[in-house]
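The values are calculated or read from the model by the stated rules, or taken from the named source; none is laboratory data. Please read these numbers as outputs of a predicted model, since none were measured by experiment. Cβ placement follows ideal geometry from the backbone for every residue including glycine, while neighbour counts extend to all protein chains displayed. Surface accessibility is based on the protein's heavy atoms, side chains included, excluding ligands, DNA and RNA. Shrake-Rupley method; radii C 1.70, N 1.55, O 1.52, S 1.80 Å.
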Amino acid sequence: MKLGETSPVTNKYSGPSLPLYLKKAMEYVEHNYDREIQLTDAALQAGVSSAYLSCRFSKYLGISFCDFVKYYRIQIVISLLEKSPVDCSLDEIADKTGFCDASYLNHCFKNLTGVTPRKYQIDYYARQKQENKNDKS
């Protein structure tokens, strides 16, 4: 994601009734997803304590801060998989998206989507090929 772009994840969880400190914490994740993110750092950016942010995050968004970070990163992974060749390195994608390694990326991705990143990518390209074939007919 480029700076200034609004992510689909942020759109899903944003709204006019969302407190500013939560928006700031979400923006922190959006701008730092590629590195290690601590709740305490996001809370500092948002101007609240980490305990308060954790509690309010769950109350307003229905997911924990940690799950939000994983969900956000997985959305970025999906975007990269859809733009990368099928033989791209999952270690490289893990590094670009803040996951410690490809194994942990695989685990989180499968838990969220039900398929591995590689299976998702292969299926995505197969659908694209089929759609292109259908468009030409």
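Odds and ends about this structure:
- Net charge in the neighbourhood of LEU22 (other residues with Cβ under 10 Å of its Cβ; Lys, Arg +1, Asp, Glu -1) is +3.
- Computed over protein heavy atoms with a 1.4 Å probe, the accessible surface of the chain works out to 60 Å² per residue.
- Labels on offer are (i) 61, 27, 23; (ii) 55, 32, 26; (iii) 50, 27, 24, and the one holding Cα extents along the principal axes in Å computed from this structure is (ii).
- Subtracting the Cα-Cα distance of SER89 and ASP101 from their residue separation scaled by 0.36 nm leaves 3.2 nm.
- Computed label-point distance, nm, for sites SER17 and TYR52 using a 7 Å Cα→Cβ extension: 2.1
- When exposed loop sites are taken as trypsin sites (Lys or Arg not before Pro) in a DSSP loop with at most 14 other Cβ atoms within 10 Å, the longest stretch of the chain clear of them is 36-137.
- Inter-label distance for ASP34 and ASN132, nm, one decimal - labels placed 7 Å from Cα along Cα-to-Cβ: 2.7
- Sulfur and carbon atoms: percent of accessible area, the chain [1.4 Å]: 50
- Separation between Cα centres of the stretch 117-136 and the stretch 23-100, rounded to whole Å: 28
- Cross-link table LYS12/LYS119; LYS24/LYS59; LYS83/LYS129; LYS24/LYS110; LYS70/LYS110; LYS23/LYS70, entries beyond 20 Å C-alpha to C-alpha: LYS12/LYS119; LYS24/LYS110
- Angle in degrees between helix 65-83 and the longest Cα principal axis of the chain, rounded to the nearest 10: 30
- Along the chain, the longest continuous region that contains none of the GluC sites (Glu not before Pro) in a DSSP loop with at most 15 other C-beta atoms within 10 Å is 37-137.
- Residue with peak Gaussian network fluctuation, the chain [Cα springs, cutoff 10 Å], from VAL69, VAL77, VAL48: VAL48
- With DNA, RNA and ligands ignored, accessible area of SER79 (1.4 Å probe; Å², nearest 10): 40
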